[in-house]
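Read-outs: derived from the displayed coordinates by stated rules, not from any lab. Keep in mind the model is a prediction, meaning the values are calculated, not measured. So basically every Cβ, Gly included, is an ideal-geometry build from the backbone, and we count neighbours across all protein chains shown.
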Amino acid sequence: MEQQKAPAFNIPDQKGKERGLEEFKGQKILLYFYPKDMTPGCTTETIGFQDLKEDFKKLNTTIIGISKDSVASHEKFCEKHNLDIILLSDEETTMIQEYGVWQEKSMFGKKYMGISRESFLVDEEGIIMKHWDKVKPAHHPQEVLDYISSL
């Protein structure tokens, strides 16, 4: 997907406000897809991005998390962990499928569809410049910051 135009989106954030790709033109956006609010890995990753938010801001980069959790779930997640980054609610999995992260998973021998933990760095013109498909929640926020810093 690298070097392709990022699929457009228009879905609500944790406050119910519709957010779209066009809103962020002129800055980089890191779209990180995660399976579920309040789970250990997702919480670690999201807090990691929150802790580095100001460093990303200095590099003209907005961090946006996406899952299929509801607006209310995102709101609770933000309140519980004092988060002020954008979390988008894609309950219909439209954006999730457009970015190719809705995949078959397996747990205890049972197969099901779920979100693959992946991230996409979109440049100022809306082009995907980097795709991470093997994300380790504890290290990924710093990995992304290091990458953007090296550009």
Using only DSSP helix segments of four residues or longer, with each worth -39500 (n - 2.57), what per-residue ellipticity at 222 nm results for the chain after dividing by its residue count and rounding to 500?
-8000 deg cm²/dmol
Region 63-88 residues near the modelled K57 label - backbone nitrogen below 13 Å, point 7 Å along Cα→Cβ
63, 84-86
Neighbourhood net charge (10 Å Cβ-Cβ; Lys/Arg +1, Asp/Glu -1) for H131:
-2
Net +/- balance of residues flanking F49 in space, Cβ distance below 15 Å, scoring K and R +1, D and E -1
-4
If each residue's Cβ is checked for other Cβ atoms within 10 Å, how do L121, L151 rank with the fewest at the top?
L151, L121
Using a Förster distance of 22 Å, the FRET efficiency for E18-H81 (Cβ separation, nearest 0.05):
0.40
Give the aspartates and glutamates whose C-alpha is closer than 17 Å to that of K76, dropping any in the same chain fewer than 8 places away, or say none.
D13, D37, E45, D84, D90, E91
quick note, region 39-151, DSSP beta bridge pairs, % antiparallel (nearest 5) is 70 percent
So how compact is the chain: Cα radius of gyration and Dmax in angstrom?
14.4, 45
Those GluC sites (Glu not before Pro) from region 116-151 that are DSSP loop and have at most 12 other Cβ neighbours within 10 Å turn out to be E125
Give, in nm to one decimal, the length gained when the segment between N10 and S106 is fully stretched (0.36 nm per residue of separation minus the Cα-Cα distance).
31.6 nm
Any residue on another chain or 5+ positions along whose placed amide H is under 5 Å from the amide H of R117 is listed here as none
Which of the lysines could a cross-linker span from K105 if the Cα-Cα distance has to be under 19 Å and same-chain partners fewer than 8 positions apart are dropped?
K36, K68, K134, K136
Could you derive backbone 3J(HN,Hα) for region 50-56 from the dihedral phi with the Karplus parameters 6.51, -1.76 and 1.60 (θ = phi - 60°), listing whole Hz in sequence and x where the residue is Gly or Pro?
4, 5, 9, 3, 5, 5, 5
Could you check which residue among L52, L88, L30 shows the biggest mean-square fluctuation in a GNM of the chain with a 10 Å Cα cutoff?
L52
What net charge do the residues around Q27 carry, taking every other residue with its C-beta under 11 Å from that of Q27, with Lys and Arg at +1 and Asp and Glu at -1?
-1
